[in-house]
Amino acid sequence: MTLTGLYYDPYDTAIDVDPYPTYRRLRDEAPVYHNERLDFWGLSRFDDVDAALKDTRRLSSAKGDILEVVQADPVMPPAMFINEDPPQHSVHRALVARAFAPRRMRAIEEKVRAFCRACLDPLTGYDRFDFVTDLGDELPMRAIGMLVGIPDAEQPRVRDHAQSNLRNKPGRPLGVTKDSYFDPGMYAEYITWRKRHPSDDLITELLNLEFEDTEGTVRHLTETEIVTFLAVIAGAGVETTGRLFGWMGKLLAEHPDQRRELAADRSLIPGAVEELLRYEPPGPHVARYVTEDVRFHDTTIPAGSALLLMVAAANRDERRFTEPDRFDIHRDEGRHVTFGHGAHLCLGAALARLEGRIGLEEVLARFPDWEIDLPNARRSPTTTVRGWDSMPAIAV
């Protein structure tokens, strides 16, 4: 690090503006990177990140999947499934996966489209709109609410709570301590409300189902477990997918020829969403706790370490992708790692893709050409999710 001058800090706001030159140097010069000052290791090449995501034995999620959380080592609540390893993770994930089953995706597709139209129709005829405040802040919250059963009037409060939990001061990590990571907040209220108002949603289903836990006991979920499930789903789905819309507006403004192709041929939109996710992943990295010594490229990462898996760097690895720094809606080179891989593959991937596809279809139907008012765009003050709080566009 000192010999080459190569330095990576996930909290450095100057690096975060455009981290890709630093990522390239990491892949080329230090594929197994160690930041002594912040006491973490990092992997940046696609094959290494991909392998690490699948290694739940030596690279554990049980202490968290955010660097600050892994280092703080807080006590995790029961059924915090994203911060569990198999077999507990497998059991709990299967229960929550019911919310994202294909039948539920089909059931909400037209509801998602109707909500997009309700957001965008009032803007038709105007020359300005905002990809984040007019759509990205609204749609993911509404879609999650549809699936899990949060009352419509309460959904803005859920969004604000989810966003505040991931916001940090510029240049500094999240304020996580051993006792202050998880706050279920208002979610217990919705369990109580749903008991009195059952419906076709995840909360109602979880309140009534029986399952076999890892001890072999057949039982109902506790209310604490359901609250945890709900908080995790709402927190993860609202903030990450919301950032996708800001990048959508910016990147398609910067590539107007490709945007015009999408307007002319809607069958290209799913591929464009995949390229948006690869090129600017809303979640640029995830963390793991090293349970036993693990070797990459003849370097041993010792047990007890915090390891950062640089998803955004892996998605631009020229060893995996042709001309990875080129945005190309026609790219067809297999999967990226934006949604992870293996046991912890993002449960909400299908929902994020559905929201991105429908959102882009409905934007193009009303605003086929736009430019971005970048001087008035606002970055999100968070290192956990990278993106924008505002991406104003001017219809042309």
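Read the figures in this text as sums done on the coordinates, not as results from a lab. Owing to the predicted nature of the structure, the values given are computational and were not obtained by experimental measurement. A quick note on method: Cβ atoms are made from the backbone with ideal geometry, for glycine too, and the neighbour counts reach across all protein chains shown.
Taking the alpha-carbon centroid of each part, what is the distance from region 22-36 to region 315-374 in angstrom? Region 22-36 and region 315-374 have Cα centres separated by 25 Å.
From helices alone, the chain scores -13000 deg cm²/dmol at 222 nm; the rule is -39500 (n - 2.57) for each run of n ≥ 4 DSSP H residues, then divide by the residue total.
Using the Cβ-Cβ distance between Ile394 and Val91 with R0 set to 41 Å, the FRET efficiency works out to roughly 0.25.
Given an 8 Å cut-off on Cα distances and at least 6 residues of separation, report the relative contact order of region 13-395 as a percent.
Values: 636 pairs, mean separation 107.5, N = 383.
Over region 13-395, the number comes to 28 percent.
Computed from label points 7 Å out along Cα-Cβ, the spacing between Asp325 and Ala303 is 4.1 nm. For the chain, a crude dipole built from +1 on the beta carbon of Lys and Arg and -1 on the beta carbon of Asp and Glu, taken about the Cα centre, is about 300 debye to the nearest 20.
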